[in-house]
1. So what's the gap between the Cα centers of region 307-361 and region 76-139, to the nearest angstrom?
2. Could you please state, rounded to a whole Å, how far the C-alpha centre of region 424-458 is from the C-alpha centre of region 179-198?
3. In percent, what relative contact order does region 259-303 have, based on Cα pairs under 8 Å that are 6 or more apart in sequence?
4. Just to check I understand the Karplus step: with θ = phi - 60° and J = 6.51 cos²θ - 1.76 cosθ + 1.60, what whole-Hz values come out for region 340-345, glycine and proline as x?
5. Based on the inverse mean of 1/r over its pairs of different Cα atoms, what is the Kirkwood hydrodynamic radius of region 193-319, in Å?
6. Cα centroid distance between region 256-294 and region 1-35, in Å?
7. Quick check for the chain: number of Lys pairs with alpha-carbon distance under 27 Å, counting only pairs 8 or more apart or on different chains?
8. Only bridges whose two residues both fall in the chain count here: according to DSSP, what percent of them are antiparallel, nearest 5?
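FYI, it's all coordinate maths here, none of it is from the lab. Owing to the predicted nature of the structure, the values given are computational and were not obtained by experimental measurement. Here the Cβ positions follow ideal geometry from the backbone for every residue, glycine too, while neighbour counts run over all protein chains shown.
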Amino acid sequence: VDGGVFAAVDIGASSGRVILGRVGSDGVQLEVVHRFPNGVVEIDGGLRWNFDALFAEVLEGLRAAATVAAVQGERIASIGIDTWAVDYGLVNTAGELTAQPFSYRDDRSRAAVEPVHRKLDPARLYATTGLQFLQFNTIYQLAAEKDLDGLQALLIPDLIAFLLTGVRRTEATNASTTGLFDAVAGEWATEFLSALGLRRDLFPPLIQPGETFGALLPDVASAVGLPRDTKVVAVGSHDTASAVAAVPAREDDFAYISSGTWSLVGLELKHPVLTEASREANFTNERGVDGTIRYLRNMGGLWLLSECQRTWAAEGFRPELPALLQAAAALPPGGPQINPDDPYFIAPDNMPERIRAAVRLTGDVLIDDPAAITRCIMDSLATGYARTIRDAEKLADRSVEMVHVVGGGSQNQLLCQLTADVTGRKVVAGPVEATALGNVLVQARAAGAVTGGLAELRALVAAGSPLQVFTPQLTRL
Ligand code: LFR
């Protein structure tokens, strides 16, 4: 380990940050230099991301990073970018963004599913892409576009990289979430693009994590106060790819839960599982750093709770999260549950009532009380995690002893304990900032500051992060 300072731009569905990562032999120290909110907004009749505002925050964050580094006498070796997957912006030949990008939570892609499946049978799609069916996969969003003439689609992190460097590329881990990517070949599934009447160059050529996009555009460099030769390096630009790269596992056979807005629950494999059984169970084979496969299911996540909190706040009730979780933990086990993966919960609107309605459909009753609703979400997530891990083991013919929880949800003690209880496995919680760590470590390796494979990167995470272990108690559900 040679040391070095790297800037990570990490934007999630509810917030973004620019972080300085200092790499040393005792791990990675992160310093958040800029934090900003994010969320879907209603613009031009659709649920979209306010990308212009996000990009302004990225520049603000890089300016802050440059200032902090200058004060410390440090040189930022490179910049890496990760965000959520699937979504894209459309850019014209002049390089201008033609509209604020749609969010995967917008409903327009739903109507495009059937027409796509009439041209490309879901079984055929899965056999090549290995991608789980989600109505918002890029392939369906693109099918809902009216006019793609002369436009190029840039996935959100690639769009940021393009605006910083002028270089158009599609980072491979994120490309694997489009539904237009061949999971075995690791290349675009061009036959699918053609079948849908999409140009082969709709997306720019691939770039792998660790490769360089290019140096900052002169205007950008001077605007943010960084040297002109500062490079933007591709990382696992799909946030989940970066998060899983930083799971502090020492063993080979582990399950992970990347816990944030979503819960991404599954295993890391060397080869995709493309069987019909796997398709029916709706498992995905997303590409990870170093060509690994993330075999997982997208499960409901803390979106369910944060949306409830948003509704409660609008009603004048603003409980602190720790107090809410404590009250939920004090409730007796065996309460009502929902299926947290139900597409019914994707859109943002009165979540407490929708959860209660879902419980009513099961013939049970969930009282209109924040603690009870919170407990219902936690129980339902833990039960879902256990089911998903069991399914993954069976479908991939593997068995795991340990469950690693990374991301924001690793701080949720109730959820971690329930997960240990219901799965009957040891749960190792942390680090919270796995995504940023994965982002920084892939940059550090590209710079030669760190050597080795994922095992070596993970050992550095384990060395530098406080982890909490939860052992299974008598099942409380
Ligand atoms: C998590 C995530 C998931 C992806 C979802 C939508 O932040 O990237 O992996 O399925 O967001 O893009």
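1. Distance between centres, Cα-based: 29 Å.
2. 30
3. 57
4. Couplings: x, 8, 4, x, 3, 9 Hz.
5. 18.3
6. The distance from the Cα centre of region 256-294 to that of region 1-35 comes to 26 Å.
7. Close lysine pairs found across the chain: 4.
8. The antiparallel fraction comes to roughly 70 percent.
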